[in-house]
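Undergrad: Here it is, the structure, as structure tokens.
The values are calculated or read from the model by the stated rules, or taken from the named source; none is laboratory data. Keep in mind that this is a model prediction, so the values were computed, not measured. Neighbour counts run over all protein chains shown; Cβ positions are idealised from the backbone, glycine included.
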Amino acid sequence: MRKKEPHIVYLGSIGFPHGLAEVQRVKLISKALVEAGASVTVINRIGVHDPEGDLKFSKEGIHEGIRYVYASGTPYRPRSFFRRNLLKVIGLINEIRILLTLHNNNQLDSAILSTMKFCSALFYRFLSKILKFPIYFNYVELNSAISTRTSYGKRINDYLYEKYVFHLVEGVMPINDFLGDVVKRHSTNMPILKVPVLCDFERFKNVKQGGDKKYFLFCGGAGYLEIIEFILKAFDLLMDNQTVALYLVANGNPRQMSLLYNEIDKIKKKNLVQTFTNVTDAQIAELYVNAIGLLIPLRPTLQDEARFPHKIGEYSASGTPIITTNYGEVKKYFEDNVTALITREYDINEFSNKMQFIISCPEKAKAIGLNARSMGLENFDYRSYGKKLKAFVTRLEKT
């Protein structure tokens, strides 16, 4: 007889409940399951947060209805090399212990796996066979298409990962059709549930609006320097004015941030560019809502064809017009001049023209942003996926 409340464990997460796109996806999938009547525990093997940063939270607790635990005993990454490696061992042992306890208490019905490491997937498959729980894979990116994954070790990992990972799980949740087709090529009978970018649309309902400052906004990692450079050049082509700014919300390591600042210094309108780092969820929501346009150019590359940026869901939820390019999953959901401003090519002049349209026709642009919100509410709101997700990840649940 099926239990009233199936319990699902999220494995492979890093940093939950605080973090960027990957953590937000973990959170929204988990919230969808909780609202559909399941319970979820997110296991973080090790801590990754800065012990001297502003984030202060416990090694375990409940966040927005989702239980989480750090198996290493701390959510923070120690400064000491020795202690970091010791906590890796402790985290591994305690993660196994946590899973054993859940299994013994009949609370290990199924697991969702989120990892880019083949060895991790193999390890969790081994545990799932011993403890007899099914694994469902959250698939969001094509490893081998990421331009920075060039080392010999990463290439071996990506080859094994893309060839065999689908044989280690009972089902796959790709973020887009491209990755769904990758799954089908490797495993024709694999159960698939497409789960696109997700967003909590309620988060943007009561955001403070107002302010006289007009600005375009890009939010993304400083490591996407090529895209930021593209945006800076497009911004520099706008008709001369001193009224519209460019805000860049970007985080990265010191080297990445230094390269970003160097690119800003190269443009004529550098005095109109403002950068933001380490902003809170509330601050980023306010920045989205009060912008005149949100920027997310996608490149004509395999990497961008295979991904679906998390920020597109948040952009649409804000009701602010989006400017993007006609690549990847964008074509499946957005229509030019209806739900977004979409360039035909990855072209700086075309992109700048779309930015100029927002400045020249603010009322039309705002209507496009509101249309995007209506479309996104139908396709990207996490609440729409709770029942589907619950049915998918409990299809092999123990009875």
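Undergrad: Tell me, which strands (runs of 3 or more DSSP E) wholly within region 289-384 include 2 or more residues that are of a type outside the set (A, V, I, L, M, F, W, C)?
TA: Correct list: 322-325.
Undergrad: Take residue 146 and tell me if it is among the hydrophobic types (A, V, I, L, M, F, W, C), within 24 Å of residue 302 (Cα to Cα), in the same structural domain as residue 41 (by TED's automatic domain parsing) and at pLDDT below 95.
TA: yes
Undergrad: Next up: So which residues in region 150-171 are aliphatic (A, V, I, L, M) and without any contact (Cβ under 8 Å) to a residue 40 or more places away in the chain, if there are any at all?
TA: Hit for region 150-171 is 156, nothing else.
Undergrad: Quick check on residue 57: is it surrounded by fewer than 22 Cβ atoms within 10 Å (Cβ to Cβ) and of a type in the set (Phe, Trp, Tyr)?
TA: yes
Undergrad: Quick check, is residue 137 of a type outside the set (Asp, Glu), under 30 Å from residue 331 (Cβ atoms) and in contact (Cβ under 8 Å) with a residue 60 or more places away in the chain?
TA: Against the criterion (of a type outside the set (Asp, Glu), under 30 Å from residue 331 (Cβ atoms) and in contact (Cβ under 8 Å) with a residue 60 or more places away in the chain), residue 137 does not qualify.
Undergrad: Give the residues of region 327-356 that are surrounded by fewer than 18 Cβ atoms within 10 Å (Cβ to Cβ), over 20 Å from the mean Cα position of the chain (by Cα) and not acidic (Asp, Glu), sorted by residue number.
TA: If the condition is that a residue be surrounded by fewer than 18 Cβ atoms within 10 Å (Cβ to Cβ), over 20 Å from the mean Cα position of the chain (by Cα) and not acidic (Asp, Glu), then 337, 338, 344, 349, 353, 356 are the ones that fit.
Undergrad: Of the numbered conditions (1) more than 18 Å from residue 100 (Cα to Cα); (2) in contact with a helix residue (DSSP H, G or I) (Cβ under 6 Å, 6 or more places away or on another chain), residue 59 satisfies every one except a single condition; which is it?
TA: With (1) more than 18 Å from residue 100 (Cα to Cα); (2) in contact with a helix residue (DSSP H, G or I) (Cβ under 6 Å, 6 or more places away or on another chain) applied to residue 59, the lone miss is (2).
Undergrad: Quick one: is residue 232 part of a helix (DSSP H, G or I), touching a helix residue (DSSP H, G or I) at 6+ places or on another chain (Cβ under 8 Å) and surrounded by 17 or more Cβ atoms within 10 Å (Cβ to Cβ)?
TA: In short, yes.
Undergrad: Just to be sure I understand the filter: pairs with C-beta atoms under 8 Å, separated by 6 or more residues or on different chains, first member in region 362-374 and within 13 Å of residue 323 (Cβ to Cβ), second member at pLDDT 95 or above and surrounded by fewer than 19 Cβ atoms within 10 Å (Cβ to Cβ). Which pairs pass?
TA: The qualifying pairs are 365/357; 368/337; 368/338.
Undergrad: Residues that are touching a residue at least 12 places away in the same chain (Cβ under 8 Å): list the strands (runs of 3 or more DSSP E) wholly contained in region 1-72 that include at least 3 such residues.
TA: Once the strands (runs of 3 or more DSSP E) in region 1-72 are filtered for at least 3 residues that are touching a residue at least 12 places away in the same chain (Cβ under 8 Å), what remains is 7-13, 39-44, 66-70.
Undergrad: Continuing with the same structure: Of 83, 97, 149, 125, which residue is closer than 30 Å to residue 226 by Cα and basic (Lys, Arg)?
TA: Answer to the check: 149.
Undergrad: Among (1) crowded, with 17+ Cβ neighbours inside 10 Å; (2) under 21 Å from the mean Cα position of the chain (by Cα), which single condition is residue 269 missing?
TA: Here residue 269 clears every test but (2).
Undergrad: Further question on the same structure: Please specify each residue of region 182-229 satisfying the condition of being at pLDDT below 95, surrounded by fewer than 19 Cβ atoms within 10 Å (Cβ to Cβ) and not in a loop (DSSP other than H, G, I, E, B).
TA: Listed by number, the residues that qualify are 182, 184, 185, 186, 202, 203, 214, 225, 226.
Undergrad: Follow-up question, since we're still on this one. Applying the selection to region 119-154, what residues are within 18 Å of residue 97 (Cβ to Cβ) and either part of a loop (DSSP other than H, G, I, E, B) or touching a Ser or Thr at 6+ places or on another chain (Cβ under 6 Å) (or both)?
TA: 132, 133
Undergrad: Something else now. Find all pairs meeting these conditions: Cβ atoms under 6 angstrom apart; at least six residues apart or on different chains; first residue within region 331-346 and assigned by TED's automatic domain parsing to the domain that holds residue 312; second residue buried (at least 20 other Cβ atoms within 10 Å of the Cβ) and in a strand (DSSP E or B).
TA: Filtered contacts from region 331-346: 334/340; 336/342; 340/322; 340/324; 341/323; 342/324; 343/325; 346/325.
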